Amino acid sequence: MSTDATPKAEFLYGAVSGVTLATDSFDLGEGVEIRQTFAHLFSANMMAFARPEPGHHHPPPWRAAKGGFSYDIEAEIRAPSRTSLGESFDAKETIWWIAALLRMARFPYLSIPVVSDHPFSEISQSDQEPTLTPFETEGRIFSPAHGVISVLESENLEWVRDKWVLAGKLLNQNPKFYSVVKAFDLATLRGRASSSLLAMWGGLEQIFAPTPGELRYRVAALMASYLEAHGTTRLSLYREILKLYNERCVAAHTAQEVEIGHLVQTYVIMRNVLVKMIDINQVPTQADLETLLLSAAASDLNHVEL
């Protein structure tokens, strides 16, 4: 991180919904912090029925309508306008990245519905009007088990603390890795399962497909070789991936909607791929993958850095 004299960092605050925090606060480094708070964000639908005069509001009557949305905000991510990751990581990108890693780690239903220019705990007492910007307002296909309160424990936060800067550098340096992570993180937004499945496989193909043709068997074999050592476990995973890739082909070439279970299975495998890349701080090349696939001497490479 730069040590030159710079103005005091400005911060944005991302509202964390879907989980609670086990501790009062947790320092993630470089000015990024996650801490307990509480706020209830809600938006009610209102309608007006006449066009406004220039420069004026819509005239009454106004009518409240059913609908809208609401979120309980249990924590906030404080992010500075600058980090060592450079200009590509402003405060909003940092907030997204921390949330994406938490979703990847354990909490795929976590969301950041709104970003504020003030800490949420201070808004009610502040003389200044906050700026609240909608951020992640689309629903996700995952949710915590019924009656279970999801808690961000120290072990989850320690993994994010240890990885977010190094993995952020991978995002900056490797456009393929960035697009794969984005495809993965967007795949759980509520919508058509087929579109999400295609997006995930499109991301995986950027890393595991050597050429635009001959995809199915080669991609399945390379992914299984990346995740498992030689043996029956690799063969079983290869067959599972090949079956899921067939579902990707169904989604791409027919109007048939894929089963949500196939989407979830693909999500889990893709999550394991990304976590391994982040843990070893390296995106495999085609040469790395071919070594894992074809070299008997590489049977243990899955468990060490490539």
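The values are calculated or read from the model by the stated rules, or taken from the named source; none is laboratory data. Everything numeric in this text was worked out from a predicted model, so none of it was measured. Every residue, glycine among them, receives a Cβ derived from its backbone with ideal geometry; neighbour counts consider all protein chains shown. The protein model used for the area step is the full one, side chains on, heavy atoms only, and it has no ligands, DNA or RNA in it. Shrake-Rupley method; radii C 1.70, N 1.55, O 1.52, S 1.80 Å.
Of the numbered criteria (1) at pLDDT below 90; (2) of a type outside the set (Val, Ile, Thr); (3) open to solvent by less than 50 Å² (accessible area, probe 1.4 Å), the one Ala5 fails is (3).
Residue-wise test of (1) surrounded by 16 or more Cβ atoms within 10 Å (Cβ to Cβ); (2) at pLDDT 85 or above; (3) among the β-branched types (Val, Ile, Thr).
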| site | (1), (2), (3) |
| --- | --- |
| Glu153 | no, yes, no |
| Leu157 | yes, yes, no |
| Asn172 | no, yes, no |
| Asp185 | yes, yes, no |
| Ala193 | yes, no, no |
| Leu215 | yes, no, no |
| Leu222 | yes, yes, no |
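Only one entry of Ile269, Ile278 meets the criterion of being within 20 Å of Gly168 (Cβ to Cβ), modelled with pLDDT of 90 or more and either open to solvent by less than 50 Å² (accessible area, probe 1.4 Å) or outside any loop (DSSP other than H, G, I, E, B) (or both), and that entry is Ile278. Scanning the stretch 29-57 for residues that are surrounded by 14 or more Cβ atoms within 10 Å (Cβ to Cβ), part of a strand (DSSP E or B) and at pLDDT 90 or above returns Gly29, Val32, Glu33, Ile34, Arg35, Gln36, Thr37, Ala39, Leu41.
The numbered conditions (1) in contact with a Ser or Thr (Cβ under 6 Å, 6 or more places away or on another chain); (2) among the β-branched types (Val, Ile, Thr); (3) loosely packed, with under 15 Cβ neighbours inside 10 Å are all true for Ile141 except (3). If only residues of the stretch 138-174 that are in contact with a helix residue (DSSP H, G or I) (Cβ under 7 Å, 6 or more places away or on another chain) and free of Cβ contacts under 8 Å to residues at least 60 places away in the same chain are counted, the one that is nearest to Glu74 (Cα to Cα) is Asn156. Count of the stretch 108-130 residues, restricted to those that are open to solvent by 80 Å² or more (accessible area, probe 1.4 Å) and either of a type in the set (Val, Ile, Thr) or closer than 14 Å to Arg78 by Cβ (or both), is 1.
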